Structure formats: C-alpha cells, structure tokens
Amino acid sequence: MKTIEMIQNLGFFTVGTVSFFGTAAWVFKSVFTYWINSRSEGLKNDLMKLVESHKAELQKFNNEHQVRFSKLHQDQAITIKEIYKLLVKVELSMNNLFSPLIIEGEPPRIEKAKQAVGDINAFINYYFENRIYFNSIICEIIDGLIEQVKLLWYDYSTYEINFDDLRNNLEAAKESRAVLKECHRKMKEDIPLIKVELENHFRTLLGVS
C-alpha cells in the first residue's frame, strides 16, 4: 500500500473513531443526566412526603396541646371562681363577727363565730385541694392571707368575746372591746389589700384586663 493511501485510511479511522466515541459520550451523558434528574425528582418527592408527614404530626401535636391547654385553662378558671367565692364568704362572715354594731334580730355572736369558722375551713380546704392550679406567687399570697385570718381568729377566740358574760367585769369588757375593734379594723383595712393583690393575679390568669 502506498504511503498516501495509508495516511488517508488512518485519517478516516481516526475521524471515525473520534466521532464514535463523541457520540457515545453524548449518549452516556444524556442517559446519566436523565437518570440524575429522575433520581432527583424521586428524592424530591420523597422529601416532600417526609416534610408533609412531619407537618401533619406537628399539627396533631399542636392540636392535642391546644386541647390540653384549653382544658387546663377551663379548670383553672373554675377553681379561681370557686376560691374567690369562698374568700368573699370568709370576708363577709368575719366582718359580721367582728362588727362592733349589734343589730336587733341578728343571730348571737356565738352563731356568727360558728359561721365564720365554717367559712374559713371551707376556704382553706378548697385551696389546699386545688393549690396545684396556682403559681408560686399566688400560693404565697393565699398562704399569707390564711395566716392573717388565723391570727385574727386566734385574737378573737383567745378573749372569748361575749359581752353578755362581761357585763359585770368592766375591765375585761373594755379589753375585749379593744381586741374586737382591732380585729374589725384589720378585716376592713388589711385583708382587702391582700384581696386586691390576689384579684389582679387572677385577672391576669383569666386574661381579663
């Protein structure tokens, strides 16, 4: 074979080979790109499904939390309403007991004392049974209020104030009247201040402005 022919054949082989491999490379690249895109789309779909699944779980958790929170708030509101009502009864009965005024037709002081004791015990028992619904600040206020009420009752009961029995003992009657007056003052001045502070905290819990 002549040299020129060999070079021509070699050139044809080289051009054909390059063309073949170029085509093969393009086909491989196209197939690989399609596979990558398909794979990416599949991963994207899987990821979206996973995200939607987590969103659904989160929404379910939020709904359950909202239900529990609403129930807790409702129970707390009922507890606040009841303990406030009991506190008002304590305030009224003790004011009535310590009042220096004697109104015709009223029950004797011993009956007023029984009513006050009953109201105090009802308030204290309910508070300790439902203490869990109140934060530490409110519990501290109510604990202080209970101590104040107990001290007032202690002062009153220590002197066993009954003016019918003190008519013949002027000195004892005078001392008893002084104790009664001081108890009445504290019920009118000191206890309402604690009550107002408690009311403010209750309104905050209830969302009442």
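Below are the figures for this structure:
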| item | result |
| --- | --- |
| Extension gain from Ser136 to Gln74, taking 0.36 nm per residue of separation minus the Cα-Cα distance | 20.4 nm |
| Charge dipole (debye, nearest 20) of segment 68-206; +1 at Cβ of Lys and Arg, -1 at Cβ of Asp and Glu | 420 |
| Efficiency of FRET between Ile102 and Glu199 - r from beta-carbon atoms, R0 30 angstrom, step 0.05 | 0.45 |
| FRET efficiency, Arg185 to Gln148 (Cβ-Cβ, R0 22 Å, nearest 0.05) | 0.95 |
| Fewest-first ranking of Met187, Met48, using other Cβ atoms within 10 Å as the exposure measure | Met48, Met187 |
| Å³ per residue enclosed by the Cα convex hull of segment 68-206 | 104 |
| Whole-Hz couplings from phi, Karplus 6.51/-1.76/1.60, listed for segment 117-126; x for Gly and Pro | 4, x, 5, 5, 5, 5, 5, 5, 4, 5 |
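Coordinate-derived values only; no laboratory data. Computed from a prediction, not measured in an experiment: that's the story for all the values here. A quick note on method: Cβ atoms are made from the backbone with ideal geometry, for glycine too, and the neighbour counts reach across all protein chains shown.
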